[in-house]
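Report on one structure; see the data block that follows.
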Amino acid sequence: MKKLLALAIAAAPMAGALAGDQENLPKFKQLDVDRDGKISVTEATANEKFAALFEKLDINRDGGISAEEYADLFKPQTM
């Protein structure tokens, strides 16, 4: 029982992060026009502010912003 409680406590922050990701998923899908699971440079140019952040958000430099990279935009920054 103690192990189960410890696991639940450890997973709680992850559940909150996933809920936040789900909250922003519709915005990601709106930008991912071709529905390939990432936002390309071409797709990003539809939103001027987002296009300006493209290079910073494309963390792995693969030419597209994945849902995970997009979700990082909404995570609280630590110092």
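Residues in the stretch 6-48 that are modelled with pLDDT under 90, within 17 Å of Ala71 (Cβ to Cβ) and of a type in the set (Val, Ile, Thr): none.
Applying the criterion of being modelled with pLDDT of 90 or more and charged (D, E, K, R) to the residues of the stretch 57-79, the residue that is surrounded by the fewest Cβ atoms within 10 Å (Cβ to Cβ) is Arg61.
The values are calculated or read from the model by the stated rules, or taken from the named source; none is laboratory data. What you see is a predicted model, and the numbers here were worked out from it, not measured in a lab. Quick reminder, even Gly has a Cβ in these numbers, built from the backbone with ideal geometry, and neighbours come from all protein chains shown.
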